[in-house]
Amino acid sequence: MSTILQCENLSKRYGARTALDNISLKLDSGRIIGLLGPNGSGKSTLIKLINDLLSPTAGTLLIDGHAPGLETKKIVSYLPERTYLDENLKVSSYISYFADFYGDFDTSRALDMLQRLDIDPDLRIKTLSKGTQEKVQLILVMSRRARLYCLDEPIAGVDPAARDYILSTIINNYDENATILISTHLISDVENILDEVVFIQNGHIRLQAQVDDIRCNQGNSIDGLFREVFKC
Amino acid sequence: MTWILDPSRPIYAQIAELVRLDIISGLYQPGTKLPSVRELAAQAKVNPNTMQKALTELERSGLVHSMRTSGRFITEDIDMIQKMKENLATDQIRGFLEKMSSMGFQPQDTLKLIEKILKEEQS
């Protein structure tokens, strides 16, 4: 199994505040990995570092052997916490933008998913409900044939039925050689689709383990273990 | 299909049991082809890797076998399926008897009670 992401002694400070403190982490290809931690633990900071939206204060981060930049953006598909879709544009414009920007974007796949959800590509983003906007954003991100998908809180703002749809979209579009990193605090919802979890707290990695190992060794679900580890 | 999962046991093991139950119950007939890993994973709402592991487990037990390119098939060995069915039923009954005994019922009392309930249901 090859390594898709490797961090060594990676730190990120915002002024006096340390968001990530000297973390080392290795993620393999072909896995669905949960990046789990309470609010403010450093999840989004790590994801932003992976996507070159922030620069490390110290340490290294390599994606398929490259530092974040042009090369890595070709192989990393990113779903940010908040949607960046311009309300005045049509869904179809975004399909063509993505096809234009990303060599690995599969237009027919995107159109197919929109059709299955009954979303008319000619509609403007502002006419869609919040949940539908999030689905459109996810469809755009999952229609790329990327090596690493970074999904930052993909299910936070939507109802349970939409959550199911989003999770099945992730499962159905997941290519065996790609890795999906999902950051969330809604653990019980994603637990069954994860291979592996990384617990992060106050900028430190608390635990990295296989889901089934945790269940076998601790006799506890990931949700249960999370509640134990991060007990307030 | 409903997939109720026990938090303290590996997901793949529970999924393997559910698929086994579908074979034993005849939902998947002997000798027929199983749906693909991806389809099963989507149905169960689990990761394809987990489903893969569950099916490998079933292969080890001999209940399914994989044909290199054409997918996975249910065994044609009806005796084996029948035997697993009996084993599963035996486990259920043992568990039930244990529960009854913890409530203070001797096996013969339990049996009488079962007969009584069956008669009531028939009438």
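Quick notes
- Selection count, region B:66-89, where residues are modelled with pLDDT of 90 or more and not in a helix (DSSP H, G or I): 6
- Every residue from region B:65-123 that is closer than 26 Å to B:ALA16 by Cα and among the β-branched types (Val, Ile, Thr): B:THR69, B:ILE74, B:THR75, B:ILE78, B:ILE81, B:THR90, B:ILE93
- Among the residues examined, A:SER188 does not qualify as within 13 Å of chain B (Cβ to nearest Cβ), under 26 Å from B:ALA13 (Cβ atoms) and touching a Lys or Arg at 6+ places or on another chain (Cβ under 7 Å).
- Residue check, A:SER108 polar (S, T, N, Q) and surrounded by fewer than 19 Cβ atoms within 10 Å (Cβ to Cβ): yes
- Considered as a group, the residues in region A:75-96 that are exposed (fewer than 14 other Cβ atoms within 10 Å of the Cβ) and at pLDDT 90 or above include one that is nearest to A:ASP64 (Cα to Cα), and that residue is A:SER96.
- Residue that is within 14 Å of another protein chain (Cβ to nearest Cβ), out of contact with any Gly (no Cβ under 7 Å at 6 or more places or on another chain) and surrounded by 14 or more Cβ atoms within 10 Å (Cβ to Cβ), where the choices are A:ILE205, A:ILE180: A:ILE180
- The residues on offer are B:GLN108, B:GLN92, and the sole one that is exposed (fewer than 10 other Cβ atoms within 10 Å of the Cβ), part of a helix (DSSP H, G or I) and not assigned by TED's automatic domain parsing to the domain that holds B:ILE15 is B:GLN108.
- The set of residues in region A:130-177 being away from every other protein chain (no Cβ under 14 Å), at pLDDT below 90 and more than 19 Å from A:PRO80 (Cβ to Cβ) consists of A:ASP159 alone.
- Residue ID - farthest from A:ILE47 (Cα to Cα), chosen from residues in region A:215-232 that are surrounded by 15 or more Cβ atoms within 10 Å (Cβ to Cβ) and more than 9 Å from chain B (Cβ to nearest Cβ): A:LEU225
- Between B:GLU59, B:GLU98, B:GLU17, the distinction of being more than 30 Å from A:ILE222 (Cα to Cα) and of a type in the set (D, E, K, R) belongs to B:GLU98 only.
- Counting the residues of region B:81-106 that are aliphatic (A, V, I, L, M) and under 16 Å from the mean Cα position of the chain (by Cα) gives 5.
- Within region B:38-63, if we keep just the residues that are under 19 Å from A:GLN210 (Cα atoms) and hydroxyl-bearing (Ser, Thr, Tyr), the residue that is nearest to the other protein chains (Cβ to nearest Cβ) turns out to be B:THR50.
The values are calculated or read from the model by the stated rules, or taken from the named source; none is laboratory data. All values derive from a computational prediction rather than experimental measurement. Cβ: placed from backbone, ideal geometry, glycine included. Neighbour counts: every protein chain shown.
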